[in-house]
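Engineer: Pasting a structure here, questions to come.
Rule-based calculations on the coordinates, nothing more; no lab input. None of the values given here were measured: they were computed from a predicted structure. Heads up, the Cβs are rebuilt from the backbone with ideal geometry, glycines too, and the neighbour counts pull from every protein chain shown.
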Amino acid sequence: MKDALNNGLIKAMREHLPEDTNLANYIMDIISIGKEAVYRRLRGEVPFTFYEVSLLSQSLGLSLDQIVGTNRSEGAIFNLNVSNGTNQMDKYHDILKRYSKLFNFVKDDPNAVLSAACNIVPFTFYSPYERLTKFRLCRWMHQNNGMKITAGMSDIIVPEKILESQRRLMQETRLLPNSYTILDNNVFQALVREIKYFAGLNMLTDEDIEVMKQELHHLLDEMEQIAAKGEYPNGNKVYLYLSNINFEATYTFLEKGTFQLCMFRLYAINYMDSQHPEICRAQKEWIQSLKRYSTLISQSGEIQRMIFFTKQREIVDTL
């Protein structure tokens, strides 16, 4: 069993590291031991300690359950990235940093792919906008009893570190060479409905609504330009689809070589994720299946694209 665990870790590291990376040097940098001690571990003479395995798995974005053999077909381990209780903003910031590290790990692979089916406005588009971000956090805090129901959005202070981490994460997601995004046709209608509802609770000022209205128009302008070109400003490919059916959640799938990660949005701004092969396979297949019921509007579907964005602007103008 000890040999199997050691060999499993070494195999996983070789699969996840770029081909030109020296494995021994990489291990030395991560767990701070000498070269001879590293080679004894690679030869199987000395096993990696649990602490060393933890450091290596964290650095590579590896799932410990895969290494230690709990990858059973009848069960899977999920990372529950949920911000609640005290220090909510700090916890949310930690979640942003974790995903930033994961996307930073995969972005340099020319074959890396990010696929998502979104029933809300995608993070990669709304995150640069401060007031929309603030509204998203405010809505979540109200629903999770983090704020008094009588409090307003003006009572929330979003630390600059969160805004900066969101911008950085957005930039890193856009560094992937290929991105596929399927949009539920009702994403903007749902967001506008939420803004109107919370405005009715006197949570938003007239200025809040006007600023978010302007931000949404800027967001739609950028999204339409990206869809028309089929790429982000940095030249990486974007495939944008409009779904002809509704779907119940936001699903994301990230792939680089043998590394796979699937994510499920929950509780407004949180995600849970898993590297379990069966869960990842099901997630990938589900997103692929949604494409069959969707229309590609990136560098094609010009009429559908024009109709969609015209309609979304009309919806935003009702604010």
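Engineer: Roughly how tilted is helix 277-291, in degrees to the nearest 10 and between 0 and 90, from the longest Cα axis of the chain?
Structural biologist: The helix 277-291 is inclined about 30 degrees to the chain.
Engineer: Using Cα positions and a limit of under 20 Å, work out the lysines in reach of Lys291, with same-chain residues fewer than 8 apart set aside.
Structural biologist: Qualifying lysines at Cα under 20 Å: Lys229, Lys237.
Engineer: Still on this structure: Size of the dipole of the chain about the Cα centre, Lys and Arg at +1 and Asp and Glu at -1 on the beta carbon, nothing else charged, in debye to 20?
Structural biologist: 440 debye
Engineer: While we're here: At a Cα cut-off below 26 Å, give the lysines reachable from Lys196, other chains included and same-chain residues fewer than 8 away excluded.
Structural biologist: Lys196 reaches Lys134, Lys148, Lys213, Lys311.
Engineer: Just to verify a number: FRET efficiency for Arg14 and Arg281, C-beta to C-beta distance, R0 = 35 Å, to 0.05?
Structural biologist: Efficiency, rounded to the nearest 0.05: 0.95.
Engineer: I've got another one for you. How far is helix 302-316 tilted off the main Cα axis of the chain, in degrees rounded to 10, range 0 to 90?
Structural biologist: On a 0 to 90 degree scale, this one is about 70.
Engineer: Can you give the FRET efficiency for Glu314 and Asp109, using 1/(1 + (r/R0)^6), R0 = 41 Å, r = Cβ-Cβ distance, to the nearest 0.05?
Structural biologist: 0.50
Engineer: Treating the stretch 3-54 as a set of equal point scatterers at the Cα positions, no solvent, please give the Debye-formula log₁₀ I(q)/I(0) at q = 0.18, 0.27, 0.29 Å⁻¹.
Structural biologist: -0.52, -1.23, -1.39
Engineer: Moving on to the next point. What list do you get for Met272, Met13 if you sort them by fewest beta carbons within 10 Å?
Structural biologist: Met272, Met13
Engineer: Could you compute the FRET efficiency for Glu194 and Asn234, with r as their C-beta to C-beta distance and R0 at 41 Å, rounded to 0.05?
Structural biologist: So, using R0 = 41 Å, E works out to roughly 0.85.
Engineer: I would also like to ask the following. Among Ile27, Pro159, Ile226, pick out the residue whose Cα is farthest towards the positive end of the charge dipole of the chain, where Lys and Arg carry +1 and Asp and Glu carry -1 on C-beta, about the Cα centre.
Structural biologist: Value: Ile27.
Engineer: Another question about this same structure. Once amide H atoms are built 1.01 Å from N in the peptide plane, which residues 5 or more positions from Ser298, or in another chain, come under 5 Å H to H?
Structural biologist: Leu240
Engineer: What's the Kirkwood radius of the stretch 192-258 in Å, using all Cα pairs?
Structural biologist: Roughly 15.3 Å, rounded to one decimal.
Engineer: Angle between the Cα long axis of helix 50-60 and the longest principal axis of the chain, 0 to 90 degrees, nearest 10?
Structural biologist: Computed tilt is about 50 degrees.
Engineer: Here's a follow-up. For the stretch 213-228, in order, what is each residue's ³J(HN,Hα) by Karplus, 6.51 cos²θ - 1.76 cosθ + 1.60 with θ = phi - 60°, in whole Hz (x at glycine and Pro)?
Structural biologist: Per-residue couplings from phi come out as 4, 5, 4, 5, 5, 4, 4, 5, 4, 5, 4, 5, 5, 5, 5, 5 Hz.
Engineer: Could you put Arg43, Arg167, Arg139 in order, starting from the residue whose Cβ has the fewest other Cβ atoms within 10 Å?
Structural biologist: By the 10 Å Cβ count, ascending, the order reads Arg43, Arg167, Arg139.
Engineer: If each DSSP helix of 4+ residues adds -39,500 (n - 2.57) and the sum is divided by the residues in the chain, what number results at 222 nm, nearest 500 deg cm²/dmol?
Structural biologist: -16500 deg cm²/dmol
Engineer: Of Ser294, Gln214, Thr124, which is farthest along the charge dipole of the chain in the positive direction, counting Lys and Arg as +1 and Asp and Glu as -1 at C-beta?
Structural biologist: Ser294
Engineer: Another question, then. Quickly rank 279-292, 214-227 as a protection proxy: mean count of other C-beta atoms within 10 Å, highest first.
Structural biologist: The peptides rank, most packed first, as 214-227, 279-292.
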